[in-house]
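The block underneath contains the structure these notes are about, expressed in structure tokens.
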Amino acid sequence: MSHCCDDPRLYNGGPVFYVGDLLSPKLSGEDAHHLISARRAKPEEEIIIGDGRGSLRLAKIVRISSKRGEGDVDLSLHGPIYFEEEKTPVTTVASYIPKGDRLSYMVEKLAETGLDQLYLISSSLDRRSGKELGASSISRLYRVAHQASMQAKRARPLRFGGVIDPQRCIEVFGPTAALCDFNGTKPSFAYSTWIVGPESGVVDSEFSVLPKIRLTTQVLRVETASVVSAALLVAFREQLIKEG
């Protein structure tokens, strides 16, 4: 059953599977394996597919095969394409890097909030003492963002912009940025990029020029402050909360 011009997420409770082409969809091996092994999908079931750029549609599973941990799924198109307009302004969190598994947790939860993009700030002042993230760690974060965006049924997945230093962060986001600080003023959507520093409250000197906003009356961990920031930014943009 198709629902002309309606959002398919209203009629299907599953995740959005991202494909390169909605007219000739092909799931990645990892996503196909997830569909087969984790969701136990069967032929004739409908799933939601999206191009990651705002377009979504329903597709029906025609054939499934699985071999040695790899999956392959043939799909037939089912129903019209629905397009979700991109919202403005773009909401961004640029965060110092937390330690260990807290980073993956942070990326996952940021995807769930509806935040548009995330950048990580590399600094000797973070809890990792500026230690670089390896290629495997970066690759894992992209996968976490991808999977979490799928499960959150996003028409556009969380964009992970990678790792930047404080100077580059100011160059890119300076006019739109505010620094989350315990001594700041009330949060404001006059700034669509919020910088989240370490728990110590000590940040690189480049950020001293930014206006400061206060998230809560408590001192938050980096990953918690990032998620709170994202939720507030999205709520401001959706006019779920108002200034003042």
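Among the residues of the stretch 190-204, write down those that are among the aliphatic types (A, V, I, L, M) and either in a loop (DSSP other than H, G, I, E, B) or not assigned by TED's automatic domain parsing to the domain that holds Leu220 (or both).
Residues satisfying the conditions are Ala190, Val202, Val203.
Identify, from the list Arg39, Arg53, the residue that is surrounded by fewer than 18 Cβ atoms within 10 Å (Cβ to Cβ) and either touching a Pro at 6+ places or on another chain (Cβ under 9 Å) or more than 19 Å from Pro8 (Cα to Cα) (or both).
Only one candidate passes the filter, namely Arg39.
For Pro89, work out the one condition from (1) in a loop (DSSP other than H, G, I, E, B); (2) in contact with a strand residue (DSSP E or B) (Cβ under 7 Å, 6 or more places away or on another chain) it doesn't fulfil.
Of the numbered conditions (1) in a loop (DSSP other than H, G, I, E, B); (2) in contact with a strand residue (DSSP E or B) (Cβ under 7 Å, 6 or more places away or on another chain), the odd one out for Pro89 is (2).
Do we find that Ala145 is touching a strand residue (DSSP E or B) at 6+ places or on another chain (Cβ under 6 Å), at pLDDT 95 or above and in a helix (DSSP H, G or I) in this structure?
The answer is yes for Ala145.
If Leu58 satisfies every condition in (1) free of Cβ contacts under 8 Å to residues at least 24 places away in the same chain; (2) in contact with a Leu (Cβ under 9 Å, 6 or more places away or on another chain); (3) aliphatic (A, V, I, L, M) but one, which is the exception?
Of (1) free of Cβ contacts under 8 Å to residues at least 24 places away in the same chain; (2) in contact with a Leu (Cβ under 9 Å, 6 or more places away or on another chain); (3) aliphatic (A, V, I, L, M), only one is false for Leu58: (1).
Going by what's in this entry, would Leu103 be described as among the aliphatic types (A, V, I, L, M) and outside any helix (DSSP H, G or I)?
No: the conditions fail for Leu103.
The values are calculated or read from the model by the stated rules, or taken from the named source; none is laboratory data. Please read all numbers here as calculations on a predicted model, not as lab measurements. Reconstructed Cβ throughout: ideal geometry from the backbone, glycine too, with neighbour counts over all protein chains shown.
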